[in-house]
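Each reported figure results from applying straightforward, stated rules to the coordinates on display, with no laboratory input. On a predicted model such as this, the values are computed, not experimentally measured, just so you know. Quick reminder, even Gly has a Cβ in these numbers, built from the backbone with ideal geometry, and neighbours come from all protein chains shown.
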Amino acid sequence: MTGEAAGEAAGAREAAGEVAVRVENLRKSFGAAEVLGGIDLEVREGEFVALLGPSGTGKTTLLRVLAGLERPDGGTVLTAPRRTTVYQEPRLAVARRVLANVVLGLPRSARAAGRRALAEVGLAGYERAWPATLSGGEAQRVALARALVRDPQVLLLDEPFAALDALTRLQAQDLVAELCARHRPAVVLVTHDVDEAVRLADRVLVLRDGTFATDLAVGLPRPRDRDDPVAVEHRRFLLSRLGVAPVSAAPAT
């Protein structure tokens, strides 16, 4: 990472709120294979961080550690207590109606908040619908509502748009950007999509060889234009860091 990119990343962190995620010297291995080799990460309230990297570089492993689903082999992991995860699959209980899915595990008093969350994701009136009647995009909106109703301080997104068609994916990205701007959680998104990362994130991190090879501050106002010259340069730079384009310098923002 260049000094310029590091300075931009630090500026983005200072503009956000209190630290919601702090990782220091995190190590994780599976057998003899070290997946995470002593990484450091800090994400503040209201900050949106995207993780890029080829398959097998530890993106989802890091997310699972942050979610408390994997134990690290070494290092320190501190997260705000209210955290929730949205996965690639909506993971709805097919035998429960939509509202029951949203408030699953919460007291009955949470049903009003569940209705508000459904309205926020554009599903007012779907409370009594069955999951089998929903489109893929609608089911993923229910998953987002289920996350929102828990008022997360940390929102973990594990490729939540990967199974959606192109148009629905763009609509879902816009919805997530709007919801995150409104609720201001710290967000960590795992994605393989460089365009998605540039469109949504304040910072884009590239995982390679068990560590962060890049920490790029996007520095573009929202909503973002895919054809903005800075966005184009960001994409070119990140693709080069992923090894799928000629090496280029970090873009100015």
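A few notes on this one:
- Only DSSP H runs of four or more residues enter the estimate; each adds -39500 (n - 2.57), and after division by the residues of the chain the mean residue ellipticity at 222 nm equals -10500 deg cm²/dmol.
- Cα-projected label distance for S55 with L106, points at 7 Å along beta-carbon direction, nm: 3.5 nm
- Taken one residue at a time, the phi angles of segment 180-192 give Karplus couplings (6.51, -1.76, 1.60, θ = phi - 60°) of 5, 5, 7, 9, 6, x, 6, 10, 10, 10, 9, 8, 9 Hz. Gly and Pro are set to x.
- Local charge for L62 was computed over the other residues whose Cβ lies under 15 Å away, with Lys and Arg +1 and Asp and Glu -1, and equals -1.
- Fluctuation leader among A145, A166, A113 - the chain, Gaussian network, Cα springs under 10 angstrom: A166
- Residues V244, V142, arranged from fewest to most other Cβ atoms within 10 angstrom of their Cβ, appear as V244, V142.
- Farthest positive-ward along segment 22-131 dipole, Cα basis, beta-carbon charges - from P90, V23, T57: P90
- Note that segment 96-109 has calculated 3J(HN,Hα) couplings of 10, 6, 4, 4, 5, 5, 5, 9, 3, x, 9, x, 4, 5 Hz, one per residue in order, obtained from phi through the Karplus relation 6.51 cos²θ - 1.76 cosθ + 1.60 (θ = phi - 60°); glycine and proline are x.
- Angle between the chain longest axis and helix 3-15 axis [Cα atoms, degrees, rounded to 10]: 30 degrees
- Computed log10 I(q)/I(0) for segment 93-150 at 0.15, 0.16, 0.22, 0.25 Å⁻¹: -0.32, -0.37, -0.72, -0.94, from the Debye equation with unit scatterers placed on every C-alpha and solvent omitted.
- Debye, to nearest 20: dipole size of segment 93-150, +1 on Lys, Arg Cβ, -1 on Asp, Glu Cβ: 220 debye
- Karplus-derived HN-Hα couplings along segment 205-220 (A = 6.51, B = -1.76, C = 1.60, θ = phi - 60°), whole Hz, x at Gly and Pro: 10, 10, 8, 8, 6, x, 8, 7, 8, 8, 9, 10, 7, 6, x, 10
- Structural descriptor for segment 109-181: relative contact order 32 percent, calculated from alpha carbon pairs under 8 angstrom and at least 6 residues apart.
- Principal semi-axes in Å for segment 13-78 [√(5λ), Cα gyration tensor, largest first]: 22, 13, 10
- In segment 28-161, Rg over Rh equals 1.02, where Rg is the alpha-carbon radius of gyration and Rh the Kirkwood radius from pairwise Cα distances.
- Over segment 139-180, the hull volume per residue, using the convex hull of the C-alpha atoms, is 63 Å³.
- Total charge dipole magnitude, the chain, about the Cα centre, Cβ charges on Lys, Arg, Asp, Glu only, Debye to nearest 20: 1180 debye
- Ordering L200, L179, L69 by the number of other Cβ atoms within 10 Å of each residue's own Cβ, fewest first, gives L69, L179, L200.
- Applying the criteria of a DSSP loop state and at most 14 other Cβ atoms within 10 Å to the chymotrypsin sites (Phe, Trp or Tyr not before Pro) of segment 137-238 yields no site.
- Ratio Rg/Rh [Cα only; Rh per Kirkwood] for the chain: 0.97
- When each of V94, V154, V43, V77 is scored by the number of other beta-carbon atoms lying within 10 Å, the sequence from fewest to most is V94, V77, V154, V43.
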